[in-house]
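One structure is given below, encoded as structure tokens.
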Ligand code: COI
């Protein structure tokens with residue numbers, strides 16, 4: 001656990017809070033942005049001191065390089081109000097590490113861990129009243145960096161912007177999801193940018209996802225780019241299966257996002273008596289497991305998705321259904337444990353929580 005005092009960055013307070021517009025009993029993911037945002041420039045080869053200003057539009061050039069050549073990466077994180085009324089930001093170091101890997105892959109300037117964590121602390125504490133205290137809700141944190149320099153030449157920018165927005169969030173999916181195993185389109189190939197949280201990975205997924213939605217599915221389950229034989233991830237979440245009582249998940253490659261929730265669940269599983277296997281998982285193996293009845297659960301994991309039950313997996317046009325995950329299921333137990341750690345009901349033996357005393 002880390003506890004420090006609030007960093008002092010230049011601060012302009014909003015003259016009119018919008019918090020009363022939020023219906024905290026029914027929060028649609030991403031609909032409301034909190035009153036303030038953090039903004040920093042990368043200029044002359046270094047990150048400048050961030051400032052906190054009211055959330056609002058920014059002036060930009062239509063020639064801004066990120067619009068044309070896609071230098072744009074982001075993170076998705078969460079803060080909670082814990083049982084003592086303090087603020088818990090979940091695993092900021094792990095998110096900092098991943099953001100820097102994304103930035104490096106996109107030839108963008110890394111953000112020192114200290115600066116990143118101080119920035120998170122400052123903006124989350126500023127808008128602490130926006131952290132929901134309803135069960136299952138949290139403050140979603142969206143740090144992002146993009147090329148700001150105006151230029152039409154194809155080049156690595158030398159002026160970047162770093163922002164952090166926050167947004168009260170409820171459940172990402174309102175019900176168990178239906179996934180379609182995708183064997184035509186590709187999200188990412190090995191050697192590409194699949195492991196990076198860059199904007200283009202999401203934009204490229206819209207079209208196949210839209211087609212899947214028209215067929216009644218919520219998301220696609222991506223397979224490897226080379227053979228469409230192995231399962232990768234579901235775009236907004238990693239996936240896990242319980243087969244013969246073992247927790248099985250696709251191993252990380254350069255085409256998969258190294259999910260922070262994924263990592264947390266793999267660490268918690270043995271403490272619940274569940275063996276973990278991180279390895280290649282073929283579509284054929286999943287289909288066989290359905291036919292033999294050895295698969296008991298499948299679920300997605302992600303910052304936004306948390307632990308989201310999967311109801312149906314469609315393989316080559318055939319729906320395979322999973323039973324409803326009850327309180328005794330692995331996914332419900334591990335989700336509970338994760339929440340207990342974040343909210344302070346269980347000891348944070350891994351040092352995942354960044355606590356801000358308020
Ligand atoms: C997240 O879980 O933070 C994501 O990035 C998924 C999605 C909301 C883009």
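Value of Rg to Rh for the chain, rounded to two decimals, is 0.97; Kirkwood radius and Rg both from alpha-carbon coordinates. Only Cα pairs under 8 Å and 6+ residues apart enter the sum, and on that basis the relative contact order of segment 177-325 stands at 27 percent. The listed peptides 136-144, 287-295, ordered by packing as a protection proxy, come out as 136-144, 287-295 (highest mean of other Cβ atoms within 10 Å first).
Separation of segment 1-43 from segment 62-124 is 14 Å, based on Cα centroids.
Only DSSP H runs of four or more residues enter the estimate; each adds -39500 (n - 2.57), and after division by the residues of the chain the mean residue ellipticity at 222 nm equals -6500 deg cm²/dmol.
The simple Förster model, with R0 at 35 Å and r as the Cβ-Cβ distance, assigns residue 174 and residue 19 a FRET efficiency of 0.90. As a rough guide to protection, the peptides 338-350, 214-226 ranked by mean Cβ packing within 10 Å, highest first, stand as 214-226, 338-350.
Each part gets one Cα centre, and for segment 201-230 versus segment 133-178 those centres are 21 Å apart.
Placing a label point 7 Å from the Cα of residue 94 along the Cα-to-Cβ direction, the residues of segment 124-153 whose backbone N falls under 16 Å of that point are 141.
Peptides 263-273, 23-33, ordered by how many other C-beta atoms sit within 10 Å of their residues on average, highest first, read 263-273, 23-33.
Rule-based calculations on the coordinates, nothing more; no lab input. No experiment lies behind these values; they were computed from the predicted model shown. We place every Cβ from the backbone using ideal geometry, glycine too, and count neighbours over all the protein chains shown.
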